[in-house]
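Chemist: Before we start, here is the structure in question, set down as structure tokens.
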Amino acid sequence: MSDPTIVLKINQISKQFDRNSPPALNQVSLELQEGEILGLLGPSGCGKTTLLRLIAGFETLNSGSIELSGESIATSDKSVAPEHRNIGMVFQDYALFPHLTIAQNIAFGLQKTSRKRFAPAQIQALTQESIHRVGLSGLESRYPHELSGGQQQRVALARALAPQPAIILLDEPLSNLDIQVRLRLRQEIRSILKTAGTSAIFVTHDQEEALSMCDRIAVMNQGNLEQVGTPESIYQTPTSRFVADFVTQANFIEATFRSGVWHTEIGEFEPIGTLENPDKKSQATLMIRQEDVQIKVDDRSNIIIRDRQFLGREYYYELVLKSGQKILVTCPIGEKYAIGIGVTIEIDTNRIITI
Ligand code: ADP
Ligand code: MG
């Protein structure tokens, strides 16, 4: 591996579980940089867990290769055993041993699952350090069932980090927790990983979780990697309809270019800024984010408010156009409109992009 800042290199890997179904992973290439938290984001069934299991060594590749810290750990015909890969794992269901205390759970990881050999005194020191790192000092002798879900997940993280693995893989670690705990743990996990300096792959199907926790995000769709980039670039400049839809949950409007202007059902837009038309396309789909639409009451308009939801910090409106197409809008809390009224739509052209 030529670049020392790349800790994990995935080269064109494919995995097909059975001949009659499409591949779970299709020619996926991805790199994890030293100290980085990389999010793997995609809907259920798109291949996220399969990719993690291949990296961890629980599945074998059909083609391609994986290198960790400059060494090959997997090809289609050679595979290093999981316990020899120097990789830590955290699962959605915590996977703690119920009959072992917190300290024993963590020490077990150091004794049995690491390829490194630790002396007993070292095991004790690393266990303590690890418990302290995740903020659970004082709870060493408790059993998993005596802890909350959030605390159990922190134990699982401590156990994965204790042997100081080269990378750590987290498979939807927050999905089983209540929303309040989930929101708090997002930042806690990020800060623990950053303090430890561990490189991590964080799997989630929740776009907000990926955007808020990760340094970069890889968006997956049906076994393919759709786009890789910073949270800002994925959100602001999605390169496919799939990414725009899944990450941004935006509106899409068909547009026709005629007489130098984009014509749509919600109005006409000048081809300036992000709507420039250098390829002289006659048709395009415009992406319009929910938060970029302003609405104004207009009794004569045939755009109707069909539904309104109060979300605490904002209102969420569902508008319906004459054609039946829905437009979703979020508005500041001061803007409360009645269901059933007509409205017009205003959008800053610079916020719209063609997809
Ligand atoms: P995700 O974690 O993104 O929800 P998975 O990686 O679990 O997705 O699954 C990807 C695809 O591979 C799915 O279609 C799933 O049914 C299939 N798959 C996963 N594991 C197996 C397996 N052991 N045998 C057969 N098919 C599998
Ligand atoms: Mg999964």
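Chemist: Which percent, to the nearest 5, of DSSP beta bridges fully inside the chain are antiparallel?
Modeler: Taking every DSSP beta bridge with both residues in the chain, the antiparallel ones total about 75 percent.
Chemist: Mind checking which of Gln222, Ser323, Tyr94 is farthest towards the positive end of the chain's charge dipole, using Cβ charges of +1 (Lys, Arg) and -1 (Asp, Glu) about the Cα centre?
Modeler: The one lying farthest along the dipole's positive direction is Tyr94.
Chemist: For the range 1-89, run through the GluC sites (Glu not before Pro) and keep only the ones in DSSP coil with at most 13 other Cβ atoms within 10 Å of their Cβ. Display every interim value, and only then the final one.
Modeler: Numbers: sites: Glu31, Glu34, Glu36, Glu59, Glu67, Glu71, Glu83; in loops: Glu34, Glu36, Glu59.
Nothing satisfies the criteria.
Chemist: Here's a follow-up. In debye to the nearest 20, how big a dipole does the range 6-244 give about its Cα centre with +1 on each Lys and Arg Cβ and -1 on each Asp and Glu Cβ?
Modeler: With Lys and Arg at +1 and Asp and Glu at -1, about 400 debye.
Chemist: Which order do the peptides 140-148, 282-290, 344-352 come out in when sorted by mean C-beta neighbours inside 10 angstrom, highest first?
Modeler: 282-290, 344-352, 140-148
Chemist: Could I ask something else about it? For the range 250-354, what is the accessible area per residue in Å², given a 1.4 Å probe and the full set of protein chains?
Modeler: Numbers: 5800 Å² over 105 residues.
On a per-residue basis, the range 250-354 sits at 55 Å².
Chemist: With the calculation restricted to Cα positions, what are the radius of gyration and Dmax of the range 6-244 in angstrom?
Modeler: So, for the range 6-244, Rg and Dmax equal 17.7, 55 Å respectively.
Chemist: Given springs between every Cα pair under 10 Å in a Gaussian network model of the chain, which of Ser301, Ser191, Ser79 has the largest fluctuation?
Modeler: The residue with the greatest mean-square fluctuation here is Ser301.
Chemist: Mind checking the per residue accessible area of the range 8-151 for me, 1.4 Å probe, whole number of Å²?
Modeler: Dividing the accessible area of the range 8-151 by its residue count gives 50 Å².
Chemist: Could you tell me the accessible area of Val297 in Å² (1.4 Å probe, neighbours in place), rounded to the nearest ten?
Modeler: 90 Å²
Chemist: Tell me the relative contact order for the range 186-310 as a rounded percent, counting alpha carbon contacts under 8 Å between residues six or more apart.
Modeler: Relative contact order, the range 186-310: 15 percent.
Chemist: Take peptides 332-342, 197-207, 129-139, 6-16 and line them up by average Cβ neighbours within 10 Å, highest first, as a rough protection proxy. Mind dumping the intermediate values first?
Modeler: Working: 332-342: 11.5, 197-207: 21.8, 129-139: 16.7, 6-16: 19.0.
Highest-to-lowest ranking by the protection proxy: 197-207, 6-16, 129-139, 332-342.
Chemist: Could you work out what % of the accessible surface of the range 250-354 is carbon and sulfur, using a 1.4 angstrom probe and leaving DNA, RNA and ligands out of the count? All intermediate terms of the calculation are to be shown ahead of the outcome.
Modeler: Values: 2730 of 5800 Å².
So the carbon and sulfur contribution to the accessible surface is 47 percent.
The values are calculated or read from the model by the stated rules, or taken from the named source; none is laboratory data. These numbers were taken from a predicted model, which means no experiment stands behind them. Please note: Cβ atoms are built from the backbone with ideal geometry, for glycine as well, and neighbour counts cover all protein chains shown. Areas reflect the complete protein model, heavy atoms only, side chains present, ligands, DNA and RNA absent. Shrake-Rupley method; radii C 1.70, N 1.55, O 1.52, S 1.80 Å.
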